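Read the structure below first, then the notes.
Quick note: the coordinates plus some simple rules give every number you see, no bench work behind them. Only a predicted model underlies this, so the values are computations on that prediction, with no experimental measurement involved. We place every Cβ from the backbone using ideal geometry, glycine too, and count neighbours over all the protein chains shown.
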């Protein structure tokens, strides 16, 4: 009887500790996400990315902190005018940490595609074959992993939106895909309040410009 009581006590304490850790993680992530939404400058975004990485380093087995850090770094690379390859490589190294904790993840494949597009943008004429194919491969993998992920259609629409019309891009081809993404965003239910929900603003921008 005594052993049963001790075992029950240990189990209760283990569950309580795990619950407390989960609450702590969610609180830290929620705070970092709020800071990410409020960040305006490159310095502010870098600070938030570092915060996400610290959360990831502390948690060890969570993919979301490294995912958001990689997302911030990828967006920085896409907006940079110099050292784009270096920034992409840094974003990929961070994303690798996320992938180590979550294999075959649709959201991670989306960021991989974004990194490929950023690298292609350095020299589109000479890089489109390598990195365009890499982006498409990752988008197909993202769709296969989760057909309901609206960020897949959003990124496909974005690629078409910025592609020159003579190469099959522009509003005429981007709009139907953006409309599909819009419907998917309306139906999408994230796994938790700290899981990815971003991307709708890009769809709204495209639809506004492609009336």
In degrees, nearest 10, the alpha-carbon axis of helix 64-79 is tilted away from the dominant principal axis of the alpha carbons of the chain by 20 degrees
In nanometres, the difference between 0.36 nm per residue of separation and the alpha-carbon distance of residue 183 and residue 22 is 54.7 nm
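Can you compute the helix-only [θ] at 222 nm over the chain? Use -39500 (n - 2.57) per DSSP H run of at least 4 residues, normalise by all residues, nearest 500 deg cm²/dmol.
On the way: 9 runs with 165 residues, N = 211.
My calculation for the chain gives -26500 deg cm²/dmol from helical runs alone.
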Under the 7 Å Cα-to-Cβ spin-label approximation, residue 140 and residue 96 lie apart by a distance in nanometres of 2.5 nm
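Determine the gain in length on full extension of the stretch residue 208-residue 104; use 0.36 nm per residue of separation and subtract their C-alpha separation, reporting nm with one decimal. Please list the in-between numbers first.
Working: separation 104, 0.36 × 104 = 37.44 nm, distance 3.34 nm.
Full extension of this stretch gives 34.1 nm more.
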Taking Cα atoms, the helix 84-100 axis meets the longest principal axis of the chain at an angle in degrees (rounded to 10) of 40 degrees
The Cα extents of the range 148-211 along the principal axes, largest first and rounded to whole Å, are 42, 19, 15
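Rg to Rh for the chain: what is it, with Cα atoms only and Rh by Kirkwood?
Working: Rg = 19.9 Å, Rh = 18.6 Å.
Taking Rh as the inverse mean 1/r over Cα pairs, Rg/Rh reads 1.07.
Per residue and in cubic angstrom, what volume does the convex hull of the Cα atoms of the range 52-162 have? Working shown, then result.
On the way: hull volume 10.2 nm³, N = 111.
Normalising the Cα hull of the range 52-162 by residue number yields 92 Å³.
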Placing each pseudo-label 7 Å from Cα in the direction of the beta carbon, residue 34 and residue 165 end up separated by a distance in nanometres of 4.7 nm
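Using a Förster distance of 25 angstrom, determine the FRET efficiency expected from the C-beta separation of residue 54 and residue 85, and round it to 0.05. Working shown, then result.
Details: r = 26 Å, r/R0 = 1.03.
According to the calculation, E is roughly 0.45.
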Using alpha carbon centers only, the range 30-64 is separated from the range 155-203 by a whole-angstrom value of 24 Å
